[in-house]
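J.: Pasting a structure here, questions to come.
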Amino acid sequence: MDNLTDRQKKFAWEYWQSGNRTKAAAAAGYSKKTAHSQGSRLLKNVEIQELVKEFKEESEASLRQQFSRDAVEARKIMFNIMENDEAPEHVRLSAAKDFMDRAGFKPIDKQETELNGQLDMNVKSDVINKYLRGDKDDR
């Protein structure tokens, strides 16, 4: 990236900001008449592509860091709601469910099973038969 001119670096930054090659080229100081073709040409430059990618990665890392801080604060708020005896029960329960969901303890979603063939509802398993007979050894 040391081989890039200041104007090329400016183009990369402007392109990262807007996503528009023509606007980025014009903002970087290229002629408005040739901005579209200059933008297309500049985007073919591998070093410019790498710089745009670097801007993207730095931005994403910064966002992840900010979200991590926000998540800690959100967890504190949810916990305070759960602990607040003055909060309505449904609000406390909702906060607890949300807290558990975010911690990875989401309840199992409804599951559907498709049956191909016939099902005889009159047939009982040995376990059910023993239970119905009252065999206490098998409970």
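J.: Looking at 58, 73, which is the one that is in a helix (DSSP H, G or I) and modelled with pLDDT of 90 or more? Write out each step before concluding.
T.: Numbers: 73 fails: modelled with pLDDT of 90 or more.
Being in a helix (DSSP H, G or I) and modelled with pLDDT of 90 or more holds for just one of 58, 73, which is 58.
J.: Right, another one. Looking at the stretch 4-19, is at least one residue of a type in the set (Gly, Ala, Ser) and either surrounded by 14 or more Cβ atoms within 10 Å (Cβ to Cβ) or in contact with a Pro (Cβ under 9 Å, 6 or more places away or on another chain) (or both)? It would help to see each step written out before you state the result.
T.: Of all residues in the stretch 4-19, those of a type in the set (Gly, Ala, Ser) come to 12, 18-19.
Keeping just the survivors that are either surrounded by 14 or more Cβ atoms within 10 Å (Cβ to Cβ) or in contact with a Pro (Cβ under 9 Å, 6 or more places away or on another chain) (or both) gives 12.
Yes - at least one qualifying residue is present in the stretch 4-19.
J.: Does the stretch 38-47 contain at least one residue that is assigned to a helix (DSSP H, G or I), surrounded by 11 or more Cβ atoms within 10 Å (Cβ to Cβ) and within 21 Å of the chain's Cα centre (by Cα)?
T.: Checking the stretch 38-47: not a single residue is assigned to a helix (DSSP H, G or I), surrounded by 11 or more Cβ atoms within 10 Å (Cβ to Cβ) and within 21 Å of the chain's Cα centre (by Cα).
The values are calculated or read from the model by the stated rules, or taken from the named source; none is laboratory data. Quick caveat, the model's predicted, so the values are computed rather than measured. Reconstructed Cβ throughout: ideal geometry from the backbone, glycine too, with neighbour counts over all protein chains shown.
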